[in-house]
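Please treat every number below as a calculation from the coordinates, not as lab data. Note that the structure is predicted; figures quoted are calculated from it, not measured. With ideal geometry, Cβ positions are generated from the backbone for all residues, glycine too; neighbour counts draw on all protein chains shown.
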């Protein structure tokens, strides 16, 4: 197995797909390659029957307190996010059975918090809309009463 850092050589479309993954920011790219050699003939392996465990060191420039790291994998056009399986804040350990483009990524936006906040904001907007609707109904009711009073006053004159 060979791990090669290759930020300069990752196709732009792969980088773009990884950067679009909501909640994560890819910061360092690498290839994970498995080769099978028999009688001096090498074959590239893109998938294995069993998963392999991989541990890589996070480059020092990306380490910050409270930053949670993940591995992003682009394989056959699909982006997967793989969780860190060790407790060492300076490494990422993950298991994989697919070998292609990878990136070290960190959690830029906690997706669960984002979902909770979207519900909170939607709830506030709903309450505001209900207040406006109730006030509109009150206004229409008062306007109707005012029109009735005017028409009754005109009839008595």
P(r) histogram, all alpha-carbon pairs of segment 110-157 included - 10 Å bins from 0, percent
23, 23, 18, 15, 11, 7, 2, 0
Please report the orientation-averaged projected area of segment 35-83, defined via the convex hull of its C-alpha atoms, in nm².
5.6 nm²
Once you've got the GNM for the chain with C-alpha springs shorter than 10 Å, pick whichever of 55, 46, 122 has the biggest mean-square fluctuation.
122
In the calculated pair distance distribution of segment 73-145, what percentage of Cα-Cα distances lie above 20 Å?
62 percent
Sticking with the crude label model, points 7 Å out along Cα→Cβ, report the distance from residue 140 to residue 78 in nm, one decimal please.
5.1 nm
Just want to confirm a number: the relative contact order over segment 2-109, from Cα pairs under 8 angstrom separated by 6+ residues, in percent.
36 percent
Under a Gaussian network model of the chain whose springs join Cα atoms within less than 10 Å, the largest fluctuation of 21, 142, 64 belongs to 142
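Note the full-extension length gain between residue 16 and residue 53 as 0.36 nm times their separation in residues minus their Cα-Cα distance, in nm to one decimal. Walk me through the numbers before you get to the answer.
Numbers: separation 37, 0.36 × 37 = 13.32 nm, distance 2.66 nm.
Extra length from residue 16 to residue 53 when fully extended: 10.7 nm.
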For the chain, find the longest principal axis of its Cα atoms and tell me its angle to the long axis of helix 111-156, 0 to 90°, nearest 10.
10 degrees
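Under the rule of -39500 (n - 2.57) per DSSP H run of 4 or more residues, summed and divided by the residues of the chain, what mean residue ellipticity at 222 nm is obtained, to the nearest 500 deg cm²/dmol?
Working: 2 runs with 54 residues, N = 157.
So the helix-based figure for the chain works out to -12500 deg cm²/dmol.
Could you work out the relative contact order of segment 46-119? I mean the mean sequence separation of Cα pairs under 8 Å and 6+ apart, divided by the number of residues, in percent. Each step should come with its number before you reach the end.
Working: 105 pairs, mean separation 29.0, N = 74.
Across segment 46-119, relative contact order equals 39 percent.
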Give me log10 I(q)/I(0) at q = 0.11 Å⁻¹ for segment 20-157, Debye formula, one equal scatterer per alpha-carbon, no solvent.
-0.61
